[in-house]
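The values are calculated or read from the model by the stated rules, or taken from the named source; none is laboratory data. Computed from a prediction, not measured in an experiment: that's the story for all the values here. Neighbour counts run over all protein chains shown; Cβ positions are idealised from the backbone, glycine included.
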């Protein structure tokens, strides 16, 4: 085949195991042959709409077979796939669409209103609705496929060509699109296959959202590459997950700690047949000891890891055999990954010393979409060891080389597995007429790991209500980014040059329940 990218995967898998089930969604199944033919039809339909090599095709919606079909169809044409976070507000979606220059937006019915508003604002050429023509310019997804052919398509796509643009919130208030090549995605999948030991009879429950790199690249794509089946669930529901594990004999799933805690808290937890599970992968935050204990009691152990969108995402991996022995560790580098922990002066950190994690490997992004300066800043300069990706995270190594994430160079915090970047949230706070200054920090939360707390200085003479200030963020930011509490103060600590001192803000305001929690 001329196509060496992931767009060729359905065709390659269909010629090996055409009748094996590839995708399960609700009461529908697709074999690898059926998936391949649907991808071909969609690729022909998109080409008829004028989509060409290098064009960007966006998708907005929960986990659904159409997500995968659109991804593979884009790869078949040499186009670039842009998965959008369905939790974002319309203005945030419009920015991602505009920044990527997406020409087509495929969307689910749940996001119809936001998709319409965002596409109009961003000047997207064509919307395609999964539920059919909407009378407002959107074409019907199934109608397009029904009218398209299945003649073979074999565009020349090279491993280094861009495969997808995955947006990650920026520390300067604007998201950046990490460009992941076909080689990046492939090598990450190979790492997963080697380190997780996936089998061709894998039944993988994909409940983490596919628009996140972990849901897509750590579970779904490696399973399809191996020839297993993926079970797509549109939204996490602990009761439904337990039911599916038992009924479909699920062998592998990925989740964040809050998901696993919710499952263990269900009344049916003690009686559900979990004997089919071989691998439980957990990321987004360290797995709490209580969670590890609850699953060990059921004969289950976690494999854990650390990653980032810019690395496709796998960086470090902790085998399930080490869950208890190395509790709290993120593990060692994936098989085809190299990492370093360096001190501020560039020297290698010794055991116990804290330094920034640097990453190198064939799965590391090519750069940020049309942001050469940001790309340059994300990597070290060329030296004898080549360029290394700066993670912005601080770790220490133990005597065995296992890494423990201990801090962040940047101010990002993780809430329920979602990265929250304070600068982005602060920018929206500052659009409120009563707000003069704002600092957002992450504070511990028993359910979500961390949640935001806003520390706000009002303009002279302003007496805005705290709930009203927090309410200002609704519709402008995704709900998970909106702080759960707000504190009013007379001033924020600053350096001599006028910069807010975030560590001092955390020291002063992170302890205690906060002021006026906002649900």
Practice prompt. Evaluate the following for residue 163: is it crowded, with 18+ Cβ neighbours inside 10 Å, modelled with pLDDT of 95 or more, outside any helix (DSSP H, G or I) and in contact with a strand residue (DSSP E or B) (Cβ under 7 Å, 6 or more places away or on another chain)?
Written response: yes
Discussion item. Here are the criteria: (1) surrounded by fewer than 24 Cβ atoms within 10 Å (Cβ to Cβ); (2) under 30 Å from residue 477 (Cβ atoms). Tell me which single one residue 225 does not satisfy.
Written reply: (2)
Discussion item. Take the residues in region 182-193 that are under 26 Å from residue 18 (Cβ atoms) and out of contact with any helix residue (DSSP H, G or I) (no Cβ under 6 Å at 6 or more places or on another chain); name whichever of them is surrounded by the most Cβ atoms within 10 Å (Cβ to Cβ).
Written reply: 186
Discussion item. Within region 400-445, considering only strands (runs of 3 or more DSSP E) that don't extend past its boundaries, which have at least 3 residues that are closer than 18 Å to residue 257 by Cβ and touching a strand residue (DSSP E or B) at 6+ places or on another chain (Cβ under 8 Å)?
Written reply: 403-408, 413-415, 435-445
Discussion item. Among the residues that make up region 197-205, is at least one of them within 18 Å of residue 304 (Cα to Cα), part of a strand (DSSP E or B), touching a strand residue (DSSP E or B) at 6+ places or on another chain (Cβ under 7 Å) and modelled with pLDDT of 95 or more?
Written reply: yes
Worksheet item: Does region 474-486 include one or more residues that are part of a strand (DSSP E or B) and touching a strand residue (DSSP E or B) at 6+ places or on another chain (Cβ under 7 Å)?
Response: yes
Worksheet entry | Residues within region 324-343 that are surrounded by fewer than 22 Cβ atoms within 10 Å (Cβ to Cβ), in a loop (DSSP other than H, G, I, E, B) and touching a residue at least 12 places away in the same chain (Cβ under 8 Å), tallied | 7
Practice prompt. Return the only residue of 138, 178 being under 20 Å from residue 222 (Cβ atoms), surrounded by 21 or more Cβ atoms within 10 Å (Cβ to Cβ), in contact with a strand residue (DSSP E or B) (Cβ under 8 Å, 6 or more places away or on another chain) and at pLDDT 95 or above.
Written response: 178
Fill in: Conditions (1) touching a helix residue (DSSP H, G or I) at 6+ places or on another chain (Cβ under 8 Å); (2) part of a helix (DSSP H, G or I); (3) at pLDDT 95 or above; number of the one not met by residue 375
(1)
Discussion item. Can you say whether residue 196 is more than 16 Å from the chain's Cα centre (by Cα), surrounded by 24 or more Cβ atoms within 10 Å (Cβ to Cβ), closer than 14 Å to residue 254 by Cβ and in contact (Cβ under 8 Å) with a residue 60 or more places away in the chain, as far as the supplied structure shows?
Written reply: yes
Fill in: Those residues of region 227-267 which are over 18 Å from the mean Cα position of the chain (by Cα), touching a residue at least 60 places away in the same chain (Cβ under 8 Å) and assigned to a loop (DSSP other than H, G, I, E, B), in sequence order
227
Item to complete: Give just the number: which of (1) surrounded by fewer than 22 Cβ atoms within 10 Å (Cβ to Cβ); (2) more than 30 Å from residue 430 (Cβ to Cβ); (3) at pLDDT below 95 does residue 170 not satisfy?
Response: (2)
Practice prompt. Might you check whether a residue that is without any contact (Cβ under 8 Å) to a residue 60 or more places away in the chain, surrounded by 16 or more Cβ atoms within 10 Å (Cβ to Cβ) and more than 30 Å from residue 282 (Cα to Cα) occurs anywhere in region 443-455?
Written response: yes
